[in-house]
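Worksheet for the structure shown next.
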Amino acid sequence: MTADMVDTTEGETPGGRGTAGTGRAGGGAAGASHWAPGDHVLWRYRDNADAGRFHICRPMTVVQDTDELLAVWMAPGTPCVKPVLADGTPVHREPLSTRYTKPRRTVHDQWFGTGVLKLARPGDPWSVWLFWERGWQFKNWYVNLEEPRRRWSGGIDSEDHFLDICVYPDRHWEWRDEDEFAQAQRDGLMTDAQAAEVRSAGRAAIAQITAWRGPYADGWEDWRPDPAWDVPGLPDDWDRAPDRLRS
């Protein structure tokens, strides 16, 4: 999950009328099998050095939630949480040799620029993100290799696996962040066995890309958000423990 793919700006975070995990349709209330379009949920990542701590949180609006696919939208201006070094230095500006060993803290921030559509199939050890330039000019798909997501009443939780794949409209692809992937192994954030599993997951994702199956062939690049949707707010207890895991 390279930092340069995450367009954020330091400073005040805008409020939002929605509350992640509730939404207009109950946000996956008890007894519901799926969230409804327009619900607000949290998409969170645990700290790789401390699995009991969340260091990334992004409120999202549900686009689609079925047994086959969860699609969620992060709108421009969405308040979020991201990690920085203890002295406030952005993570991506720290030299790679010390990027994962220096102390960190989290800060409130916001997503600016164009929004991001995230697609995740249950059980897949990756999610696929769609990026656009301004004016809805499609830019690329981004395969974020990660732990299969665990659902709970307020959203989904995962852990980033450092290595990623960028896929372009002409169907060519390339590995991304291989240097961060290697450094994470050197710093003990990932064992050799775990790294091998991540590489294997990447090869499985590439097989889908080369075969040009969903989601790449499904037309998601032409999708647009409902203009009536508001920007979700960031709840004060964004880092709360999952209260109920959902299947």
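None of the figures in this text is laboratory data; all of them are computed from the coordinates on show. Computed from a predicted model, the values in this text were never measured in an experiment. Methodologically, a virtual Cβ is constructed for each residue, glycine included, from the backbone with ideal geometry; neighbour enumeration extends over all protein chains shown.
Taking 0.36 nm per residue of sequence separation and removing the Cα-Cα distance, the residue 191/residue 206 pair yields an extension gain of 3.1 nm. Looking only at the chain, where both bridge partners belong to it, what percent of the DSSP beta bridges are antiparallel (to the nearest 5)? Once the DSSP bridges in the chain are tallied, antiparallel ones form about 90 percent.
Reducing the stretch 201-234 and the stretch 117-186 to their Cα centroids gives an inter-centroid distance of 10 Å.
Could you name the lysines in cross-link range of residue 118, using Cα to Cα under 19 Å and dropping any fewer than eight places away on the same chain? Cα-Cα hits under 19 Å: 82, 139. Think of the chain as a dipole: +1 on every Lys or Arg Cβ, -1 on every Asp or Glu Cβ, centred on the Cα centre; then among 229, 211, 112, 229 lies furthest on the positive end. Mean sequence separation of contacting Cα pairs (under 8 Å, at least six apart), scaled by the length of the chain, corresponds to a relative contact order of 22 percent.
Shape of the stretch 40-115 from its Cα gyration tensor (a ≥ b ≥ c, root eigenvalues): rounded if a/c is under 1.5, otherwise prolate when a/b > b/c, or oblate? Prolate, since a/c reaches 1.5 and a/b exceeds b/c. Taking the Cα centre of the chain as reference, the dipole from Cβ charges on Lys and Arg (+1) and Asp and Glu (-1) amounts to some 320 debye. 3J(HN,Hα) along the stretch 141-148: 9, 9, 8, 9, 6, 7, 5, x Hz, from the Karplus curve 6.51 cos²θ - 1.76 cosθ + 1.60 with θ = phi - 60°, whole Hz, x for Gly and Pro. The 3J(HN,Hα) values that the Karplus relation (6.51, -1.76, 1.60; θ = phi - 60°) gives for the stretch 111-121 are, in residue order, 8, 10, x, 6, x, 9, 9, 10, 10, 9, 9 Hz. Gly and Pro appear as x. A DSSP coil position with no more than 11 other Cβ atoms inside 10 Å describes the following trypsin sites (Lys or Arg not before Pro) in the stretch 48-156: 134.
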